[in-house]
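Enquirer: First, the structure itself, so that you have it in front of you.
The values are calculated or read from the model by the stated rules, or taken from the named source; none is laboratory data. Note that the coordinates shown come from a computational prediction; the quantities given were computed from them, not determined experimentally. Don't worry about glycine lacking a Cβ; one is built from the backbone with ideal geometry, like all the others, and counts go over all protein chains shown. Accessible surface areas use protein heavy atoms only, side chains included; no ligands, DNA or RNA. Shrake-Rupley method; radii C 1.70, N 1.55, O 1.52, S 1.80 Å.
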Amino acid sequence: MPWYDATLTLQDGMLIFPGDPPFHREQVMSTASGDPFSLSAFSLGTHCGTHVDAPAHYFPDGDTADRLPLDSLVGPAMVVDARGAPSIDARLLQTLNLPDCSRLLFKTDNGRLLRDGVFSENFVALTLDAAEWLVSHGTLLVGIDYLSIESAADLHGPVHRILLAAGVIIVECVDLLDVPAGPAELYCLPLKIAGGDGAPARVVLRSDR
Ligand SMILES: [Zn+2]
């Protein structure tokens, strides 16, 4: 089965949520400058690039990135083709007749914006009733192909809160442009950051479709 890398490349100038700390890498040692080896330092926000949101993103006593269950992060997933939909709501989820809702990744019209590093306020996001629907259907992990799972207008994060309160792991900036819709094996491995409210993750999928 072929592998698909759904991870954004971490690099200077990459798209980030407006106001978040940017990614920056600095060359500390360089063989090109005569140093015996190359070595660099980097800094970034916990929600930079492809990343997970941990419950601690909204809840002070919530689980942190280093404590997220591997059972939720790795396993069978469904890449859902939601292209053409202006938002993902409970009605849409109901009509999809998903056989398994454990791990869902939404491939939306955001895909091109994410790949091209373009910010738009009008991205496709989950509605409140979609978040409630996922919680009631036992979802462990939900991902989307843009900076946030919820509309930028919702500053207080009601969609995040519903999902994270129920222990649903949120994965954002998942680059699904080349990933075929349908069942896949998901490997989402966030950096083990103590106390992390989120963490950059390598997200890869295997699919035979
Ligand atoms: Zn986030």
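Enquirer: Taking θ as phi - 60°, what are the ³J(HN,Hα) couplings along the range 7-17 by the Karplus curve (6.51, -1.76, 1.60), each to the nearest whole Hz, with x for Gly and Pro?
Expert: Working through the residues one at a time gives 9, 6, 7, 7, 7, 4, x, 5, 5, 9, 5 Hz.
Enquirer: Let me ask something else about it. Hull surface divided by four, with the convex hull built on the Cα atoms of the range 76-149: how many nm²?
Expert: It is 4.7 nm².
Enquirer: If you take the Cα Rg of the chain and divide it by 2.2 N^0.38 Å, with N the number of residues, what do you get?
Expert: 1.03
Enquirer: Now for a separate question. To the nearest 20 debye, what is the magnitude of the charge dipole of the range 69-191 about its Cα centre, counting +1 on the Cβ of each Lys and Arg and -1 on the Cβ of each Asp and Glu?
Expert: Charge dipole of the range 69-191: 80 debye, to the nearest 20.
Enquirer: Right, something else. Given H placed 1.01 Å from N in the peptide plane, which residues other than close sequence neighbours of Ile169 have an amide H under 5 Å from its amide H?
Expert: For Ile169, whose amide H was placed from the backbone, the distant partners under 5 Å are Leu141, Val142.
Enquirer: Could I ask something else about it? Quick one: accessible surface of Ile170, probe radius 1.4 Å, all protein chains present, in square angstrom to the nearest 10.
Expert: 0 Å²
Enquirer: Once you have the Cα-Cα distance between Asn97 and Asp178, take 0.36 nm times their residue separation minus that, and quote the gain in nm to one decimal.
Expert: So the chain would gain 26.8 nm between Asn97 and Asp178.
Enquirer: What FRET efficiency, computed as 1/(1 + (r/R0)^6) with R0 = 35 Å and r the Cβ-Cβ distance, is obtained for Asp109 and Thr31, rounded to the nearest 0.05?
Expert: So, using R0 = 35 Å, E works out to roughly 0.20.
Enquirer: Measure out, as a whole number of angstrom, how far apart the alpha-carbon centroids of the range 109-163 and the range 1-35 sit.
Expert: 24 Å
Enquirer: Accessible area of the range 1-138 with a 1.4 Å probe: how many percent of it is carbon plus sulfur?
Expert: Ligands and nucleic acids excluded, carbon and sulfur reach 52 percent.
Enquirer: What full-extension length gain, to one decimal in nm, is calculated for Ala165 and Phe119 as 0.36 nm per residue of separation minus the Cα-Cα distance?
Expert: Between Ala165 and Phe119, full extension yields an extra 13.8 nm.
Enquirer: Grab the DSSP H runs of the chain that are 4 residues or longer, score each as -39,500 (n - 2.57), total them, divide by all residues and round the 222 nm result to the nearest 500 deg cm²/dmol.
Expert: It lands at -4000 deg cm²/dmol.
Enquirer: Taking only protein heavy atoms into account and a 1.4 Å probe, give the accessible area per residue of the range 1-96 in Å².
Expert: That works out to 58 Å² for each residue.
Enquirer: Something else: Through the Karplus equation 6.51 cos²θ - 1.76 cosθ + 1.60, θ set to phi - 60°, convert the phi angles of the range 134-141 into ³J(HN,Hα) values in whole Hz; use x for Gly and Pro.
Expert: Each residue of the range 134-141 in turn: 5, 4, 6, 9, x, 5, 9, 8 Hz.
Enquirer: Taking the Cα centre of the chain as origin and charging only Cβ (+1 Lys, Arg; -1 Asp, Glu), how large is the dipole, in debye to the nearest 20?
Expert: It works out to roughly 320 debye.
Enquirer: What's the magnitude of the charge dipole for the range 1-123 around its Cα centre, counting Lys and Arg as +1 and Asp and Glu as -1 at the beta-carbon? Answer in Debye, nearest 20.
Expert: 360 debye
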